[in-house]
Amino acid sequence: MKSLRSYAFLLLLSILPFFAQADAKPNQTALKNSEQTPELVFSNDEKAWLAAHPIIRIGIDPDFAPYEWRDKNGNYVGMAVEYLQRLEQAMGVRFEIVRDKSWSESQSMAKRGELDMLSSMVQTPERSQYMLFTEPYRETQLVIIDNGQGGFIGDLAHLAGKRVALEKGYFVKELLEKNYPKIRLVFAANTDEALRLVAEGKADAYVGDSGAANYAIKKNELTSLRFSGQTEYLSVQSFAVTKNNAELATILRKVMNSISEEESEGIFNRWLGMRIEHGIKPKTLIQYGAVLAALFLLFGYWIFRLQREIGYRKAAEMREHTRNSILEMLAKAVPLPTILETIERSVEQQHRGTRCRIYLHNNQEQQHPQTPSSGTTAEDKEPRLSDHRCAQSIQGASGEVLGTLSLYRHTADTEAVANAEPNTPPDALLIEQSARLAGIAIERWASAEKLRRSEAHYRRLTEGVSDVIWKADRDLHITYISPVDERLRGYKADEVVGHPIFEMFTEEGIATVTELMNQRPTGAQCAKPCGAVTFEVQHRCKDGRLMWAEVFSKPEHDEHGTIVGYHGVSRETTERKQMQDQVRQLAFFDPLTNLPNRRLLLDRLAQAMTASKRSACHGVLMILDLDNFKQLNDTHGHLMGDLLLIEAARRLTSCVRAQVTVARFGGDEFVVVLSNLNKDSIATAAQAGIVAEKIRTSLTEPFLLAAKHAEQADSHVEHRCSASIGVVIFIDNENPQDDLLKWADAAMYQAKAAGRNQVQFYRETNA
């Protein structure tokens, strides 16, 4: 009786799909044809790829209901998500959905190769440049929706000059911009927002996927909106794979083709819905009778196949469980012996009376531990070789044999051996999968060990030098910096990595680096990789200090010669820079007044004469001598004389602009150089007279000098002084420097002869 009820239940389940299909009217036609679904078979290369990629990163549109969206609980649901669950089951992988990313952000990540695939994507010429597409799993019409205030729109041509709301990042943008450039596009974050813009009158119409639009209108109760036209375009939804994952695209196509038309229709109806007409037509009743007759004839065969399928499914579920457990252990970096022991135990659980051993081949680089089996005594840890049943080689990705997985009939387990079928061959798929998982674990372990040794070696190298070693990406964001930087500047690595390299420099340093970047060859000039550069800039320290460093930078190129990053070395040069500055100060500046000395003055004068020739503007040279300076020296000593010179230098610099050269020529003589004044000589003379008079007036003010003494009281002296100033106007550089200096000196002595405290211009008649 129980058996009859079971048969009846199975018969009912078999009949129901025919009733649904006979009188159902789906709102869209499935993309799959009625041909027999192909059997899902993966090649060895595809199996190897799947084993090497247990986790596949995928980007999903969080606001594309009913295809895919994130519900109020934060879970991703929808038609595409159900397909992904079906793909996970068939491929034996886990899809890791990248969360908290918009659709535009997910597309950008896919372009950069940070994702493996995208879901629910429409193929366009632009997207085909960086993505591979599967066969479509659903297509719907692109429709036009308005607020019902005007007449029906009909088609896209009637939207010229109108505001059309679109979802940001969707393929409709590319389509309309290319074919209907007169349409004014208004972008929204998602379908809900785009439709609300139309309802509120902020947009004239919406163009998009009919399924998504219908779902959003019902959900948000936008009853004022209406379908006002249909386009000639379809929204064809496919899975898209980045071009560096061509194997994944092939696998996805196989799995999608293995999904039956009925299963595909079922997924569609669950999310987009279908309308059922009640009642059975006479023609349909005849069809039912034929179907029932066929079902009764094949029922016995189905029961046989069902029992066998249950056995296969249990074995497949066990293999899947084992696989997922091992992959999870790999992800958590569980030690190799534990992983191999788990593989052994899983094989033994599915083969009663059998012991599994994994023997690893030793090599010169590394010694793998021999994995013991748990649950055995000291006597039976190693099975008898005479009880050997089968063996499977453990290979790496390159085909290298890493070890052997062996099965033995363990004579100590009497009960299990008695109950086992002696001639039953081991599950070949289980053995093959276990050996493959063992190979992945061994290679992962070996790679991790090699990486740890390499990192330790690199760390010893970088920490043992006094220079800072760094790397940056093509956008000049730091990707690595050695610990020496923390010792020199005080910043920890996590405070620097990920930040722009410009944050390390002062404003002058940023300008230096920017100029070097602008001078870098581009386009055709970069046919060959650009070389290294060396520059010296000031670095900012965490405590506010400034540190000079010499930076050696070299770009990194790909196979096409395009710069993909930079690496270099920074060496502190603060002490050397200070010494250079001191040497320069001693070589070109007067140690008493800190003004340019005679050597630097002659260089500045030469520059002024060259500039005069280039601009055709006059320049001025002044020589002034302090009156009554010798009297102060003779009366109060050289210390007071030095204080007078220092104060005179200060007053001189305060009378002119910062760009004007004021130099100490020697003794109590000073020189002022004015450049690019005026093309007219009379106007130049007037300007020079104003400056000279300002200087003369400033120097006539009393000098209050205070000298400090180590063992006696400080002394104070008030001294009145003046200056005799000789001025010569020059243009071009036709006259030698010596002549200009001689003429200015002659004019200065004319001022002294005329009673001192005067300004005298040189004229050739006075020579």
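Could you give the length gained on full extension between Lys450 and Lys219, defined as 0.36 nm per residue of separation minus the Cα-Cα distance, in nm? Provide the component values of the computation, followed by the final result.
Details: separation 231, 0.36 × 231 = 83.16 nm, distance 5.54 nm.
Going from the current span to full extension adds 77.6 nm.
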Over the Cα atoms of region 149-268, what radius of gyration and what Dmax do you get, in Å? 17.3, 51
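List the trypsin sites (Lys or Arg not before Pro) within region 701-767 that DSSP assigns to loop and that have no more than 15 neighbouring Cβ atoms inside 10 Å. Each step should come with its number before you reach the end.
Details: sites: Lys708, Arg720, Lys742, Lys752, Arg756, Arg763; in loops: Lys708, Arg720, Arg756, Arg763.
Loop-located and lightly packed - Lys708, Arg720, Arg756, Arg763.
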Counting pairwise Cα distances across region 619-718, what percent come out greater than 23 angstrom? 35 percent
Dimensionless Rg ratio for region 705-767, taking C-alpha atoms and the 2.2 N^0.38 Å reference: 1.74
Kindly provide the pair-distance distribution of region 592-766 built from C-alpha pairs, with 10 Å bins from 0 and whole-percent values in order of increasing distance. 10, 38, 33, 13, 5, 1
Would you list the P(r) distribution for region 568-661, with all Cα-Cα distances sorted into 10 Å bins from 0 and each bin expressed as a whole %? 12, 31, 30, 19, 7, 1, 0
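Taking 31 Å as the cut-off for C-alpha to C-alpha distance, list the pairs among Lys101/Lys254; Lys450/Lys471; Lys577/Lys708; Lys450/Lys492 that go past it. Can you show the working numbers first?
Details: Lys101/Lys254 29 Å; Lys450/Lys471 22 Å; Lys577/Lys708 33 Å; Lys450/Lys492 27 Å.
Beyond 31 Å between Cα atoms: Lys577/Lys708.
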May I have the count of lysine pairs in region 138-237 with C-alpha atoms under 19 Å apart, counting pairs 8 or more residues apart or located on different chains? 10
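Every number in this text was worked out from the coordinates using simple rules, so none of it is lab data. Treat the numbers as computed from the prediction; the structure is a model and nothing was measured. Quick reminder, even Gly has a Cβ in these numbers, built from the backbone with ideal geometry, and neighbours come from all protein chains shown.
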